[in-house]
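The values are calculated or read from the model by the stated rules, or taken from the named source; none is laboratory data. Computed from a prediction, not measured in an experiment: that's the story for all the values here. Here Cβ is always computed from backbone atoms with ideal geometry, including for glycine, and neighbour counts include all displayed protein chains. Protein only, heavy atoms only, side chains kept; ligands, DNA and RNA dropped before computing areas. Shrake-Rupley method; radii C 1.70, N 1.55, O 1.52, S 1.80 Å.
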Amino acid sequence: MAAIDKPAHQKELFGHPVGLYVLFFTEMWERFSYYGMRAILVLYLVTQTTDLNPGLGWTNKEALVLYGWYTMLVYVASIPGGIIADRILGQKKAVIVGAILLVIGHSVLAIEQMWAFYTGLGFIIAGVGMLKPNISTMVGGLYKTGDIRRDKGFTIFYIGINVGAFLSSLIVGYVGEVYGWHYGFGLAGICMFFGLIQFIFGQKYLKGVGEYLGKSDKEEDREALKRPLTKIEKDRVIVLILSFLMVIVFFGAFEQAGGLMNIYAKDYTNRMLMGWEVPASWFQSLNAFFIITLGTAVATFWANRKLKGKEASSLFKMIMGLIIMGTGFLFMTAATAEYQSSGSSAMYWLVLAYLFHTVGELSLSPVSLSFVTKLAPAKYASLMMGLYFATTGLGNKVAGLLGESASEFGEYAVFTGIALFCILFGLLIWAFIKKLKALTHGAEDNERKMTTEELT
């Protein structure tokens with residue numbers, strides 16, 4: 001965090017603190033439960049009540065409205081979750097509370113009653129709000145200020161997120177579609193319980209990380225809660241908030257995956273492969289698969305670019321990520337054009353779209369997480385991370401609105417419009433990158449200095 005140079009736990013594995021892998025597996029199981037439920041939520045809502053595996057029989061528009069509100073609230077809840085951690089519990093205890101709420105929420109969803117459906121979603125919203133911003137902030141707390149490994153650490157952590165997402169889309173998606181939607185919801189809860197137990201037993205590797213500053217043994221930590229923000233800290237908060245605009249636009253487009261693209265895969269895509277129909281929910285695993293297989297390569301590309309003295313600031317990576325992701329929607333434009341002309345859309349369009357979305361995500365999402373921990377004042381560390389996730393939630397709501405608009409404007413117009421807007425918005429931010437970097441007051445300069453020392 002920007003204000004205090006927190007020591008990292010010294011015991012390491014594969015060049016990173018062991019605590020990183022404790023957080024890795026906790027987040028992996030949390031994302032398994034969340035993405036597993038997300039993979040089948042819209043499909044459950046739109047499946048007819050008369051089917052062999054009955055759903056709720058909602059219209060596509062009704063399902064996307066609920067999906068948009070739900071995915072927005074999940075992340076907006078990160079704001080109170082961050083405040084509670086900063087002011088009362090500390091990040092570590094907040095993660096435990098969040099995990100418990102998630103286990104309860106997914107378990108309640110397994111009950112086949114409408115009251116259980118809405119109650120379960122409520123518990124999940126509260127649980128993600130407590131866990132998500134605080135476990136991400138703890139990753140930053142494992143590294144000292146200026147540690148060149150921080151961005152790579154977040155990429156490793158991000159791979160953990162997507163191992164869970166990849167497995168859940170296949171396993172929970174299959175169980176939900178074939179054996180019953182509520183079995184899928186229940187399975188997600190069981191796996192979240194594994195994540196909770198793993199986090200509790202890994203506490204010895206997280207000593208001094210995620211503790212409440214008000215009870216710290218260090219005077220500087222306690223003082224950080226009392227003193228007002230400096231001019232530099234205020235400028236850094238400003239650039240963080242401005243960078244969040246990119247996050248809103250990015251996830252407003254990216255989260256079409258669970259909504260409009262999910263429905264497109266189900267209703268308009270020819271999913272036959274060697275005489276077998278690929279489940280629509282399985283396409284949700286492509287993003288996670290590409291992250292697992294390409295995550296290290298993308299992180300290495302940016303690290304090598306920085307070593308060569310080329311532009312590789314966090315802001316630049318985020319801009320490129322937005323543009324690359326937007327370009328991926330041009331493949332969905334091609335998919336809809338093919339469907340309109342022939343009545344069938346090939347699966348490879350979805351594969352290519354998810355590939356570009358993933359490369360864009362790897363350039364923006366883990367980098368922006370790391371960026372928050374570099375610039376956020378220590379007293380507002382979890383709150384700023386909560387604001388970051390709230391902006392992703394607003395992006396999710398935008399995604400829902402865009403998905404709904406397809407019923408009026410058509411998929412071709414929506415996909416093409418998303419592509420053009422993301423590319424043009426990224427280019428607009430690029431025009432102001434020097435002014436934005438000046439507001440960081442050299443927050444990433446220490447990393448460049450460390451790189452030079454390592455080379456010599």
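For the reader, a short list of remarks on this structure follows.
- A simple spin-label model places the labels of Ile433 and Gln340 3.4 nm from each other, with each point 7 Å out along Cα-to-Cβ.
- Alpha carbon centroid spacing (whole Å) that separates segment 323-371 from segment 66-87: 27 Å
- Segment 377-443-segment 141-200 distance, computed between alpha-carbon centres (Å): 24 Å
- √(5λ) per eigenvalue of the Cα gyration tensor, segment 9-56, largest first, Å: 41, 6, 6
- Taking 28 Å as the straight-line reach from the Cα of Lys435, the lysines in range (excluding those fewer than 8 positions away in the same chain) are Lys144, Lys152, Lys231, Lys234, Lys306, Lys308, Lys310, Lys317, Lys374, Lys379, Lys449.
- Top positive-direction residue, dipole computed over the chain with Cβ charges, set Gln203, Leu364, Thr71: Gln203
- Think of a 1.4 Å ball rolled over the protein heavy atoms: segment 58-142 then has 34 Å² of accessible area per residue.
- You can think of it this way: the chain between Ser407 and Gln48 has 127.3 nm of extra reach, that is 0.36 nm per residue less the Cα-Cα gap.
- Angle of helix 411-430 to the longest C-alpha principal axis of the chain, folded into 0 to 90 degrees and rounded to 10: 10°.
- Since only His106, Val128, Phe117 are under comparison, the one whose Cα sits farthest along the positive direction of the charge dipole of segment 101-159, derived from C-beta charges on Lys, Arg, Asp and Glu, is Val128.
- The dipole here belongs to the chain: it is taken about the Cα centre, uses +1 on the Cβ of Lys and Arg and -1 on the Cβ of Asp and Glu, and is about 1500 debye.
- Around Phe14: net Lys/Arg minus Asp/Glu count, Cβ-Cβ under 13 Å: +2
- Percent accessible area from carbon and sulfur atoms, the chain, protein chains only, probe 1.4 Å: 67 percent
- Angle between the chain longest axis and helix 285-307 axis [Cα atoms, degrees, rounded to 10]: 30 degrees
- The chain, helix-only ellipticity at 222 nm - DSSP H runs n ≥ 4, -39,500 (n - 2.57), divided by all residues, nearest 500: -25000 deg cm²/dmol
- Three principal axis lengths of segment 258-396 [C-alpha, angstrom, descending]: 55, 35, 24
- The convex hull around the C-alpha trace of segment 143-200, projected and averaged over every direction, spans 4.8 square nanometres.
- Here, segment 67-164 is characterised by an Rg to Rh ratio of 1.05, where Rg is the alpha-carbon radius of gyration and Rh the Kirkwood radius.
- Database remark: amide H of Glu12 closer than 5 angstrom to the amide H of Val18 (H placed geometrically; neighbours at sequence offset of 5 or more, or on other chains; Pro and chain starts carry no H).
- Rg over Rh for segment 81-127 works out to 1.11, both radii taken from alpha-carbon positions and Rh defined as the Kirkwood radius.
- Calculated log₁₀ intensity ratio I(q)/I(0) where the Debye formula runs over C-alpha points of segment 27-93, q = 0.15, 0.26 Å⁻¹: -0.64, -1.09
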